[in-house]
Amino acid sequence: MEDEKEIIPYKGKIDPDFISKALRMYQKYKGDKAELHKRIVDNNKWYKSNYSHLMNPKTNETEPATAFIFSAIENKYADAIDNFPVPNLLEREPSDTQTAKILSKIIPVQLEMSGYKKVYKDNWRRKLKHGTAVYGAFYNEQIRDIDIRAIDIMSIYCDMHVRDVQDSQFLFITNAVDNDVLKENYPDFKALFHGDASVESYSGIHQIDDRTEVIDCYYKKADGTLHMIKFVGTTVIDSTEDTEGYEHGLYKHGMYPVIFDVLYAEEDCPFGFGIVDVIRNPQQYIDKLDGIMIKNAILSGKQRYLVKENGNINEKEFLDYSKDIVHVTGSVDETNIKPIQANGLSNYVLEHRIEKINELKEVVGNRDFQQGGTSNGVTAATAITSLQQAGEKLSRAIIDDSYDAYKSLIIMIIELMREFYDEERIYRITNEIGATQFAQFDNSMLMTPMEKRDAFGFVYDTEYKRTEFDIEVIPQRENPFTKESNNQTIMNLWNGGFFLPQNFDVSIIALQSMNFDGKEKIIEQIQGLQKRNQQQMLEQQQNLMQGQTENELVPVGQYNGENDESINEESVSNGELIPVGKFGGEN
């Protein structure tokens, strides 16, 4: 509850009923997502192998907790890192070819400047563990550049009953913001910024004394514009509809500035489920079998005895293994003391555990050779790569799905460039041969001028059409086995004569029917060499024709070179014709 002095009435353009509706929807979305938050917290404990209390909450015993889930997730994570995406933009019209080439070079640089690789890594672990990763693409007015963020899925709320987050009526993102920053940016609301922000994390709910919870409420109006309200509690501290310069909305592209990357999709829900949700039951049974085997090993390895109450044995001396003599009172026979030895488990239990482990590996696609383990003496890089490629169907499908989200992110980045990059920017890029170059870019390159002409053909106005592109994702493979396999492919092409000028035509036909990474670039380079050779042959033919023309007979009087003793005055006066080829040099 807010104090009376902290309630500041709203005096802006937004209908107060709409503000009340937004706050109600926030509470509804938050309640609908509560079960997902609980599952996320539990999944994180399974990932860290800190889940034994979840298996047997009624006892205080520590259950075994093996790290198969951790291994499976890290294996898939490594596959994702090995296939880091790089965009290649393709023009839709011939006039946009040069812009597409420039964007294909500068967008990776822009992503690097925005720290995208770290965002990519952080989000992939979240996606594998919890089933959903959220990317945010914002324009940061302070640094006047695009800001790419990994948004914590515990802090984002939307309609839980739509498949696409863009179809949600509202989108809420919560942030715990430093009180001093808020007081500086919003001095009229200082009384609200007293701290005690409630932050929900993987380990529970925490109170932060020097921060205040701010709710960013995004919503779309009927005209398609995107706007945002900032709440602290129930008080509006900022709104794009009340701010000059946002008449066309927060962003002209009209989309929520987030992209959901889902691992395994839920029906009619923007959030998905992850690897932990799928394999924690097999993991639990493996751990139960481990517990049985550990207890049996302890019982089998420890000698125990049955002793009569009146067995007349000194138990203290009997239990002290340093004593060579144990005293007894009276006679002692085998009825007074009898050893107990637990029987070992049958092989069936061990075999069943191994089968459960194989089941877990099969479900998640985490086979041994994908982690470098091989059998039957397989050591060749190409053979290892073939085994890995055969076993990576699940990884390839997961990564391919993530590329769809990546394409959406690239589209959003292009739209932000189109809207905000008014001034020319310089990017350091690398050309095709690895040399450093500098490329200039501004948003005028993303608008194609279209001239309007009257009935007589005179231009009376110019309008600008949005330049659109198709996006192709190229994996930037970093696997050493893949690199070795690609190198071997190039050597095979070389030995096969694919790069000989006389074979260029058939080489291009053969390459077009092949399927390996980098094929398009090789075809492009061969076509470039082919074009260069044709140009050189044409120049040689022209030079030869020019030489034949110069070798024709010309009047001696027209020769402007040095004197030649073979030319006498008589021949000059008679205007005789001599071969130009006789003038081969100096006197």
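The values are calculated or read from the model by the stated rules, or taken from the named source; none is laboratory data. Treat the numbers as computed from the prediction; the structure is a model and nothing was measured. Cβ: placed from backbone, ideal geometry, glycine included. Neighbour counts: every protein chain shown. Remember, those area values only see protein heavy atoms, side chains included, never the ligands or the DNA or RNA. Shrake-Rupley method; radii C 1.70, N 1.55, O 1.52, S 1.80 Å.
Values for this structure:
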read-out	value
Nearest-0.05 FRET efficiency for T329 and D147, computed from C-beta distance (R0 60 Å)	0.10
Length-normalised contact order of segment 261-330 in % [C-alpha pairs under 8 Å, at least 6 apart]	15 percent
Residue-normalised accessible area of segment 228-344, given per residue in Å² at a 1.4 Å probe	61 Å²
Burial ranking of peptide ranges 413-422, 521-530, 299-308, 355-364 (average Cβ count within 10 Å, highest at the top)	413-422, 355-364, 521-530, 299-308
Hull-based mean projected area of segment 106-209, where the convex hull spans the alpha carbons, in square nanometres	9.0 nm²
Eligible lysines near K308 by straight Cα distance, threshold 18 Å, same-chain separation 8 or greater	K316, K338
Percent breakdown of C-alpha pair distances by 10 Å bin, ordered from the shortest bin, for segment 490-535	27, 63, 10, 0
Solvent-accessible area per residue, Å², over segment 107-185 with all protein chains present [probe radius 1.4 Å]	41 Å²
Cβ crowding within 10 Å averaged over residues, with 119-131, 97-109 ranked highest first	119-131, 97-109
Reachable lysines, given that their alpha-carbon falls under 24 Å from the alpha-carbon of K30 and they are not under 8 places away in the same chain	K21, K38, K45, K127, K129, K220, K221, K230
Using θ = phi - 60° and Karplus 6.51 cos²θ - 1.76 cosθ + 1.60, couplings along segment 393-406 (whole Hz; Gly, Pro as x)	4, 5, 4, 5, 5, 5, 5, 4, 5, 5, 5, 5, 5, 5
Label-point gap, in nm, between D188 and A67 - each point 7 angstrom along Cα→Cβ	5.5 nm
